[in-house]
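Undergrad: One structure, pasted below without further comment.
The values are calculated or read from the model by the stated rules, or taken from the named source; none is laboratory data. Everything numeric here is computed off the predicted structure, so don't read it as measured data. Neighbour counts run over all protein chains shown; Cβ positions are idealised from the backbone, glycine included.
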């Protein structure tokens, strides 16, 4: 059974972005579900052996806090033996196990993972079967519509197999793998998936405002919306979406609020092993749209440590 979600707006898993500090911020601002950055099943299996020797748990490798719950972990990789092992290793720590069949990055698709699997019907069926039988926690799926424009309706077959094999929820990002993040997400496909599937459907793609979220729900009938790039440096978006869905209005936040929010992020990040380069990238996102933002971003790029970064961001208050 899926856990109960506190809202209809979810935070997408994004490599180098959905770290435990940002996830926690988004959760506090009203995200109904947060998902870890996608994790390689082979890394989990090899890390587990190492951690066991040091009497440590997987939490040393995949950091999270219980305040994020319900919390979903996203896995990728198609080796069935490693997949079963990895799923069993992470199951005690997470509420949902999500499987990635949407990543368009060539270094992922070349290893028969992510979006490349959309065209491998038999292997996909085995993957779903393996995952669902390996764990008692709910298994969910994130997919793209297809691989190329010509195969953009592959999601139909995959969704049918997913439902037959016991997957409990599907997130659809209606772009093809070859599109990457270019062009527009075709929300009509989310509508179609909702019509042909009995599972809860999460719509994903091009949600950057509360109005976008409401329009997607109204036009497609999807049960939930998943926000990716729109939430970068903007955890307020979840509160705004939730308010807009309930009252048709929402609070506007200023750039000062954004800066305050970045310092909240920094405080949370200090409690985890987040790479400094990732923290700098988050700083860039929090200054997006700010007056003289590009000047600050070049300074952020050149910063060497947290203290320098704090000084740059403090200076932004006076601009």
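Undergrad: Out of the residues in segment 211-261 that are crowded, with 20+ Cβ neighbours inside 10 Å, outside any strand (DSSP E or B) and out of contact with any helix residue (DSSP H, G or I) (no Cβ under 8 Å at 6 or more places or on another chain), which is modelled with the lowest pLDDT?
TA: This residue is 228.
Undergrad: Which of the numbered conditions does residue 1 fail, given that it passes all the others? Conditions: (1) more than 18 Å from residue 205 (Cβ to Cβ); (2) touching a residue at least 40 places away in the same chain (Cβ under 8 Å); (3) assigned by TED's automatic domain parsing to the domain that holds residue 148.
TA: The single condition residue 1 does not satisfy is (3).
Undergrad: Looking only at segment 262-277, count how many residues are assigned to a helix (DSSP H, G or I) and over 24 Å from residue 32 (Cα atoms).
TA: Residues in segment 262-277 being assigned to a helix (DSSP H, G or I) and over 24 Å from residue 32 (Cα atoms): 2 in total.
Undergrad: Another question, if that's okay. What is the residue count in segment 149-174 for residues that are under 21 Å from the mean Cα position of the chain (by Cα) and either part of a helix (DSSP H, G or I) or within 21 Å of residue 185 (Cα to Cα) (or both)?
TA: Adding up the residues that qualify gives 10.
Undergrad: To continue, here is another question. Can you go through 185, 150 and tell me which one is out of contact with any helix residue (DSSP H, G or I) (no Cβ under 8 Å at 6 or more places or on another chain) and over 22 Å from residue 207 (Cα atoms)?
TA: 150
Undergrad: I'd like the full set of residues that are under 29 Å from residue 81 (Cα atoms) and surrounded by 23 or more Cβ atoms within 10 Å (Cβ to Cβ), limited to segment 1-18.
TA: Across segment 1-18, the qualifying residues are 12, 13.
Undergrad: Tally the residues that are part of a helix (DSSP H, G or I) and crowded, with 22+ Cβ neighbours inside 10 Å, restricting the search to segment 26-51.
TA: Going through segment 26-51 one residue at a time, the tally reaches 4.
Undergrad: Could you please let me know if residue 174 is out of contact with any helix residue (DSSP H, G or I) (no Cβ under 8 Å at 6 or more places or on another chain) and crowded, with 18+ Cβ neighbours inside 10 Å?
TA: It is false that residue 174 is out of contact with any helix residue (DSSP H, G or I) (no Cβ under 8 Å at 6 or more places or on another chain) and crowded, with 18+ Cβ neighbours inside 10 Å.
Undergrad: Would you confirm, using the coordinates I've provided, whether residue 111 is under 21 Å from the mean Cα position of the chain (by Cα) and at negative phi?
TA: So residue 111 fits the description; yes.
Undergrad: Follow-up. Could you please give the count of residues in segment 1-25 that are touching a helix residue (DSSP H, G or I) at 6+ places or on another chain (Cβ under 7 Å) and outside any helix (DSSP H, G or I)?
TA: 6
Undergrad: Could you tell me whether segment 179-192 includes any residue that is modelled with pLDDT under 95 and within 14 Å of residue 116 (Cα to Cα)?
TA: Yes, segment 179-192 has at least one match.
Undergrad: Of everything in segment 289-311 that's closer than 14 Å to residue 262 by Cβ and at pLDDT below 90, which residue is nearest to the chain's Cα centre (by Cα)?
TA: 289
Undergrad: Would you confirm whether or not segment 161-170 contains a residue that is within 30 Å of residue 280 (Cα to Cα) and touching a strand residue (DSSP E or B) at 6+ places or on another chain (Cβ under 7 Å)?
TA: No, every residue in segment 161-170 fails to be within 30 Å of residue 280 (Cα to Cα) and touching a strand residue (DSSP E or B) at 6+ places or on another chain (Cβ under 7 Å).
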